[in-house]
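Trainee: Input: one structure, supplied below.
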Protein chains: 2
Amino acid sequence: MDEFEVIRRYFQRDNKFTNDLVSVDSGDDCAVLKLPPGEEFCVSTDTLIEGVHFPMQASGTVAAARAMGANLSDLAAMGATPHSYTVALTIPEVNDSWLSEFSSTLAAVSQDNQMPLVGGNLAKGPLSITVTIMGRVSAGEALLRSGAHVDDDIYVSGCLGDAAGGLKMVLENIEDTAGFRSPLLNRYQSPTARISLGQSLTGLASACIDVSDGFLADLSHILKSSSVGACIELEKLPVSSSLTNLLGHDAALAAAASGGDDYELCFTAPKSLRKKIANLNDDLVLTRVGHVTAGADLIVHDAEGIAMTDYATDAGLRGYTHFK
Amino acid sequence: MDEFEVIRRYFQRDNKFTNDLVSVDSGDDCAVLKLPPGEEFCVSTDTLIEGVHFPMQASGTVAAARAMGANLSDLAAMGATPHSYTVALTIPEVNDSWLSEFSSTLAAVSQDNQMPLVGGNLAKGPLSITVTIMGRVSAGEALLRSGAHVDDDIYVSGCLGDAAGGLKMVLENIEDTAGFRSPLLNRYQSPTARISLGQSLTGLASACIDVSDGFLADLSHILKSSSVGACIELEKLPVSSSLTNLLGHDAALAAAASGGDDYELCFTAPKSLRKKIANLNDDLVLTRVGHVTAGADLIVHDAEGIAMTDYATDAGLRGYTHFK
């Protein structure tokens, strides 16, 4: 098989999802895409590398689910609706079972999000996956990182730290005998982007980001873009009982503060909108974890309201970084 | 330096090119892009891997120029105008001189094509570059591979095979003592996409593709998409004197037929448009090299007009393939 046959066999099946926003699909030099009047395109690119962003020997299902979750989460953080995507896949060899799992997972994600796969690239080399995802949003309505104001509330969706717990289970080969840990594994292996929450936050949130590198690290991007500081109450960070069972109370809170890969949304909103935000028709729990302050500091308070000096710098702000 | 500092230092300089089609630049979860009314987006993704698509130890300048040339060429083949692009860069280490060359070349290409860099990804791993390029084209005007009709003329722009000659010089360490070979090296190391030619072919060409894998291989994609065959006169393939000087007459023709990376355009057009096409106001020479036929065969004729049995299959159609 050369790459054209691989593409035909795994990525251009007859049941491939498409829709009327695609004028020309993959198979030409470019895909040609329509944008409804009054809307703008949102575009983001993420690369996942074997051994860095997913474990060596991970299944095609896990690799595809993590790649798509990470990219969809960037759309969620803008309040955008999925439009379409491309996949640049580099693989060391043609492995039928891996490619079948990978392409089936892409097909399912395409269908679930009404988002056609419109092109890509296939090359031989060390396993890596680069997805470029495109979304659409009403002109001027995208949620940015730069709009947070002093005294705004700071919220997060869902629970934090579960993906870090799941990764620990994978890396340390912890068995899931009790069954209660599977939510953690699932959150790491197949993250769900908060697309509908992001959409419902347009016009409400003053700033938004997705939690990919770690809550404090990602919040700090909002603070820097908005030229503000923040005060966070550590004990308010939402932590699942599964994570507490796995790690204990303190380590679970630390994972919530600095673990990556949760793909929950962290956003700010004026206090005047508390009631509207509490009434959002979304299944996700939203938790107020602090507020925006003047200045540039990110201060973490303990249960007694005492500032934990250097907590953010020492533990939380680290997040995941390459080249360090 | 972590990846955020690398991105700031090399890719978000103050003189970075932007324009009014970009609502939100890199530095948020997504870029937000405008599309003028009545237009469609063209999107293409290409990956270049060290040791496969450019030589090991190639300079950042060569790597960037080849990545951008290949991607711009996909826009040219659609008749599209460059809009913007993202770069997913994976590098083994932070090498200042390589990154400086790479980012300077991107900046120059951005400026030359009025095309902002709007996002991307930086990760640690074996060197590879994935560019996702976006263009715009009037709705319904994109040049496709699927429109070739029986009796249409087949054209190519510029000269073919020069990049294959340049690659040979690099791989075999052939010195450029006489000076006449530098056009070959330049064509391989810094390909120029035929953007303005593509734009002027909208409404004229019935089908179009860029020559990236090799002339016969790429023409065969048009034939397959259009359900037609073709007859090509080998001696008419445009070959530069530099290439003939390097390889001799026969090998130069073979390189023109099957060498990759030229990024010239191959297109078809009705005979009735010969005069219009001859009068296109473009510096590039356009050469008629054959015509479209009924059936599905790609036949290559020698100087006496005799069909060279299996020439296309044996030599030309091969092109470059991964996994074989």
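Trainee: Only one of these conditions is not met by residue A:97: (1) more than 19 Å from the chain's Cα centre (by Cα); (2) within 7 Å of chain B (Cβ to nearest Cβ). Which number is it?
Mentor: Of everything listed in (1) more than 19 Å from the chain's Cα centre (by Cα); (2) within 7 Å of chain B (Cβ to nearest Cβ), residue A:97 misses just condition (2).
Trainee: Would you please name the residue that is surrounded by the most Cβ atoms within 10 Å (Cβ to Cβ), looking only at residues in segment B:167-220 that are among the polar types (S, T, N, Q) and in a loop (DSSP other than H, G, I, E, B)? Steps first, answer last, please.
Mentor: Going residue by residue through segment B:167-220, those that are among the polar types (S, T, N, Q) are B:173, B:177, B:182, B:186, B:189-190, B:192, B:196, B:199-200, B:202, B:206, B:212, B:220.
Checking the rest, the ones that are also in a loop (DSSP other than H, G, I, E, B) come to B:173, B:177, B:190, B:192, B:202, B:206, B:212.
Working: B:173: 6, B:177: 7, B:190: 17, B:192: 17, B:202: 17, B:206: 21, B:212: 23.
The qualifying residue surrounded by the most Cβ atoms within 10 Å (Cβ to Cβ) is B:212.
Trainee: Would you mind listing the helices (runs of 4 or more DSSP H) fully within segment A:1-120 where at least 3 residues are of a type in the set (S, T, N, Q), touching a helix residue (DSSP H, G or I) at 6+ places or on another chain (Cβ under 8 Å) and in contact (Cβ under 8 Å) with a residue 24 or more places away in the chain?
Mentor: Values: elements: A:3-11, A:60-78, A:96-112.
In segment A:1-120, the matching helices (runs of 4 or more DSSP H) lie at A:96-112.
Trainee: Sort out which residues of segment B:222-231 are surrounded by fewer than 20 Cβ atoms within 10 Å (Cβ to Cβ), out of contact with any Asp or Glu (no Cβ under 6 Å at 6 or more places or on another chain) and either of a type in the set (Gly, Ala, Ser) or closer than 11 Å to residue B:77 by Cβ (or both), and write them in order of number. Step through it out loud before you land on a result.
Mentor: Our first condition is that a residue be surrounded by fewer than 20 Cβ atoms within 10 Å (Cβ to Cβ); within segment B:222-231, this holds for B:224-225, B:227, B:229, B:231.
Keeping just the survivors that are out of contact with any Asp or Glu (no Cβ under 6 Å at 6 or more places or on another chain) gives B:224-225, B:227, B:231.
B:225, B:227, listed by residue number.
Trainee: Right, here's the next one. Hey, can you tell me all the residues within segment A:295-304 that are assigned to a loop (DSSP other than H, G, I, E, B) and closer than 12 Å to residue A:224 by Cα? Walk me through how you get there before you give the answer.
Mentor: Within segment A:295-304, the first condition is being assigned to a loop (DSSP other than H, G, I, E, B), and the residues that meet it are A:295-297, A:302-304.
Passing the criteria: A:295, A:296, A:297.
Trainee: Next question, about the same structure. For residue B:59, are the conditions met, namely being facing another protein chain (nearest Cβ under 10 Å), of a type in the set (S, T, N, Q) and under 19 Å from residue B:131 (Cβ atoms)? Steps first, answer last, please.
Mentor: On the way: facing another protein chain (nearest Cβ under 10 Å): no; of a type in the set (S, T, N, Q): yes; under 19 Å from residue B:131 (Cβ atoms): yes.
No: the conditions fail for residue B:59.
Trainee: Same structure again: Assess whether residue B:185 counts as being facing chain A (nearest Cβ under 9 Å) and among the hydrophobic types (A, V, I, L, M, F, W, C).
Mentor: On the way: facing chain A (nearest Cβ under 9 Å): no; among the hydrophobic types (A, V, I, L, M, F, W, C): yes.
No.
Trainee: Checking the structure you have, find out if any residue of segment A:300-308 is modelled with pLDDT of 90 or more and of a type outside the set (Asp, Glu).
Mentor: First, pick out the residues of segment A:300-308 that are modelled with pLDDT of 90 or more: A:300-301.
Still in the running and of a type outside the set (Asp, Glu): A:300-301.
Yes: one or more hits.
Trainee: Restricting the search to segment B:232-253, which residues are among the small types (Gly, Ala, Ser) and either surrounded by 21 or more Cβ atoms within 10 Å (Cβ to Cβ) or in a helix (DSSP H, G or I) (or both)? Break it down stepwise before answering.
Mentor: Going residue by residue through segment B:232-253, those that are among the small types (Gly, Ala, Ser) are B:240-242, B:248, B:251-252.
Once the filter is applied, which keeps residues that are among the small types (Gly, Ala, Ser) and either surrounded by 21 or more Cβ atoms within 10 Å (Cβ to Cβ) or in a helix (DSSP H, G or I) (or both), segment B:232-253 yields B:241, B:242, B:251, B:252.
Trainee: Look at residue A:50 and say whether it is within 30 Å of residue B:219 (Cβ to Cβ) and within 11 Å of chain B (Cβ to nearest Cβ). So that I can check it myself, show each step before the final result.
Mentor: Details: within 30 Å of residue B:219 (Cβ to Cβ): no; within 11 Å of chain B (Cβ to nearest Cβ): yes.
Here the answer is no, as residue A:50 does not meet what is asked.
Trainee: If you scan segment B:239-261, which residues turn out to be at pLDDT below 95 and of a type outside the set (Gly, Ala, Ser)?
Mentor: B:243, B:244, B:245, B:246, B:247, B:249, B:250, B:253, B:261
Trainee: Go over the candidates B:65, B:77 one by one and state the one that is surrounded by 24 or more Cβ atoms within 10 Å (Cβ to Cβ), at the interface with chain A (Cβ under 10 Å from one of its Cβ atoms) and more than 20 Å from residue A:128 (Cα to Cα). Before you say what the answer is, go through the steps one by one.
Mentor: Values: B:65 fails: at the interface with chain A (Cβ under 10 Å from one of its Cβ atoms).
The unique qualifying residue is B:77.
Trainee: Quick one: would you say residue A:108 is under 26 Å from residue A:3 (Cβ atoms) and more than 10 Å from every other protein chain (Cβ to nearest Cβ)? I'd like the intermediate steps shown before the answer.
Mentor: Details: under 26 Å from residue A:3 (Cβ atoms): yes; more than 10 Å from every other protein chain (Cβ to nearest Cβ): yes.
Considered against the rule, which asks whether it is under 26 Å from residue A:3 (Cβ atoms) and more than 10 Å from every other protein chain (Cβ to nearest Cβ), residue A:108 comes out as yes.
Trainee: Which one of B:202, B:244, B:192 is out of contact with any helix residue (DSSP H, G or I) (no Cβ under 8 Å at 6 or more places or on another chain) and either hydroxyl-bearing (Ser, Thr, Tyr) or within 14 Å of chain A (Cβ to nearest Cβ) (or both)? Let's see the steps before the verdict.
Mentor: Numbers: B:244 fails: out of contact with any helix residue (DSSP H, G or I) (no Cβ under 8 Å at 6 or more places or on another chain); B:192 fails: out of contact with any helix residue (DSSP H, G or I) (no Cβ under 8 Å at 6 or more places or on another chain).
The unique qualifying residue is B:202.
The values are calculated or read from the model by the stated rules, or taken from the named source; none is laboratory data. These numbers were taken from a predicted model, which means no experiment stands behind them. Ideal geometry is used to build each Cβ from the backbone, glycine not excepted, and the neighbour counts take in all protein chains shown.
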